[in-house]
Amino acid sequence: MEDRVDPIHQFQIHNYVDFGTIGGVHIAFTNSALFMFIIIGLITGFLTLATSGHALVPGRFQSLAEISYEFVANMLRESAGTEGMRFFPFVFSVFMFVLFANVLGLFPYFFTVTSHIVITAGLSVTIILLVIIYGFYRNGLHFLGLFVPKGVPGYLMPLVVAIEVMSFLSRPISLSVRLFANMLAGHITLKVFASFILMLSAWGVAGWLGAVLPFAMTVALTALEALVAFLQAYVFAILTCMYLNDALHPSH
Amino acid sequence: MVRPVSEGPPLPALTCAYAAIGVADIRMAARDEDSSSAGGASDKELARRLDRLSRDLEEEKRERATRERPARKSDSTDFALALRLASEFVAGILVGVALGWGLDRVAGTSPWGLIGFLLLGFGAGVLNVIRSAGNMSTTAGAGDGKQD
C-alpha cells in the first residue's frame, strides 16, 4: 500500500503507444484516448444491438434506445423548435458521449474522460463554432442582431453590445468549466473521503468505529456522483440546444 | 379483466374469461351485421364517431402538453442550479479579464484595458446569471417565447 494517498493520481495521463512528435506536437495513444474509444464502441454497440430487432413491441435494449431518443428529441424540440431537429444527430452524439464518459468514470480504476478540461473545452468550442458558422450561413448578417437587444437607447448601445458580446464569448468557457469542474471535484471528494477510511482503520478498533462515518459519507457521495454524472450530461445537452436555438432564431 | 368472484382453482377462472371474450365477440359481430344492413346510416354514424374520437385525441394531446411542463422543471436539483449560476458568473468575469489583459499586452494600455474590461465582464456575468435564471423558471416556455 502507498504511504500517502494521492487523490489527483486518478487523473494522470499515461502513454500506451507513443507516436513521437508530429509537426512539433507530441502525439501518443493515451489512457484517455483508450477510454474515448471504449465509450464510442459502447454507444455504437448499444445502439446497433438495440435497433437490430425492429420489434413493434420493444424489448429491454430497444426500449432504452427509444427512451434516450425521445429524451433528446423532446429536449431539442422544446428549446429550439421543430427546426432544431436538423441538429438532432449532433446533439444526440454529444449527449451520449458525455453521459457515457461520466457514467464510465464512476467505476473503480476507470479513467474519467470528462475530468480533463481539454476534452470539455474541445466539445464546447465545437458547439460554439457550429452556432456561429450556422448562424451566419442561415441568417447572414442578421445573426449579429443577437448582440443588439431591442428597446435600448442609442447612447447606451455600445456598452450593451460590448456586454452582450462578452456574454456570448463566456458561453464556451462556462459550458466547459462546469462539466470539467463537476467531474474533477466529485472524484477528488470521493477519493479523499475514501482515504479517510484507510487512515482511520490503521488505528485499531477505535479507528474502525470512527471509519464508519467517512464510509457512510462515501456511500452517499457515490449516489450523488451518479446523479451528477447524468445531470451534467443533461445540462450540457440542453445548453447546446439553447445555443443552437440562437443560431436558428437570432432575434431577441 | 375478468375476475372470479369465488376463490376457485385458476382453470375455471380462465375458461370463464374465455367465455366472456367469446360472448363479446359474438355481440360485436351481431352489431356489425346490424350496421352493414343499415347502409347509409352507418356511414353517418362512423363519421360522427371519427369526429368525436379526433376531438378526444386533440383534447388529450393538449392536456398532456400542459401536464408535462411543470414536471420537467423539477428535473434539475438545486445543487446543479447553484453550480450552473456560479459558473455562468465566473465565466463572464474570466472573459473580461482575458480580453482586457490581451488588449493591454497588445496596445500597451496597462492597466486601463484590464480595469475597463473587468467591469464589462462583471456586467456580462450578471447578464448571464439573470438570463439563465430566467430560463430556469420558464424552461418549457423558452422554446415558444424565443421563436418570434
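Please give the length that would be gained between A:ARG60 and A:ILE188 if that part of the chain were fully extended, namely 0.36 nm times their separation in residues minus their C-alpha to C-alpha distance (nm, one decimal).
Values: separation 128, 0.36 × 128 = 46.08 nm, distance 3.46 nm.
Using 0.36 nm per residue and subtracting the Cα-Cα distance, I get 42.6 nm.
In a fully extended conformation the segment linking A:ILE22 and A:GLU70 would gain 13.0 nm over its present Cα-Cα distance, using 0.36 nm per residue.
What number in nm² do you get for segment A:25-99 if you take the convex hull of its Cα atoms and divide its surface by four? Numbers along the way, then the final one.
Working: hull surface 27.9 nm².
Spelled out: convex hull of the Cα atoms, projected over all directions, averaged, 7.0 nm².
Peptide B:89-101 has a mean shielding of 5, counted as Cβ atoms of other protein chains within 10 Å of each residue's Cβ. Taking the fewest neighbouring Cβ atoms within 10 Å as the starting point, the ordered list for A:MET96, A:MET183 is A:MET96, A:MET183.
By counting other Cβ atoms within 10 Å of each Cβ, how are B:TRP101, A:TRP208 ranked from fewest to most? Write out the running numbers ahead of the final one.
Numbers: B:TRP101 16, A:TRP208 13.
Ascending number of Cβ neighbours within 10 Å: A:TRP208, B:TRP101.
Largest GNM mean-square fluctuation across A:GLY135, A:GLY105, A:GLY53, computed for chain A with C-alpha springs under 10 Å, falls on A:GLY53.
Our summary gives segment A:10-248 a relative contact order of 25 percent, counting only alpha carbon pairs under 8 angstrom and 6 or more residues apart. Structural size metrics of chain A, computed from C-alpha coordinates, are Rg and Dmax of 22.5, 74 Å.
Counting only other chains, and only Cβ atoms inside 10 Å, what mean value do you get across the residues of A:77-88?
On the way: counts 1, 9, 6, 4, 4, 2, 1, 1, 0, 0, 0, 0.
Going residue by residue through A:77-88 and averaging, the value is 2.
Among the residues of B:124-131, the average count of other protein chain beta-carbon atoms within 10 Å of the residue beta-carbon is 4. Highest mobility in the GNM of chain A, judged by mean-square fluctuation with C-alpha springs under 10 Å and restricted to A:ARG60, A:ARG178, A:ARG138, is found for A:ARG60.
In a shell of Cβ-Cβ distance under 13 Å around A:MET217, excluding A:MET217 itself, what net charge do Lys and Arg (+1) and Asp and Glu (-1) give?
Working: positive: A:LYS191; negative: A:GLU225.
That sum, taken over residues with Cβ under 13 Å, equals 0.
Could you line up A:ARG77, B:ARG64 from fewest to most neighbouring Cβ atoms inside 10 Å? Working shown, then result.
Values: A:ARG77 16, B:ARG64 10.
Placing the least packed residue first, the sequence is B:ARG64, A:ARG77.
For the residues A:PRO153, A:PRO214, A:PRO108, a GNM of chain A with alpha-carbon springs under 10 Å puts the largest fluctuation on A:PRO153.
Throughout, read-outs are computed from the coordinates displayed, never taken from laboratory work. Remember, it's a predicted structure, so these values are computed and weren't measured experimentally. Note that each Cβ is placed from the backbone with ideal geometry, even for glycine, and that neighbours are counted across all protein chains shown.
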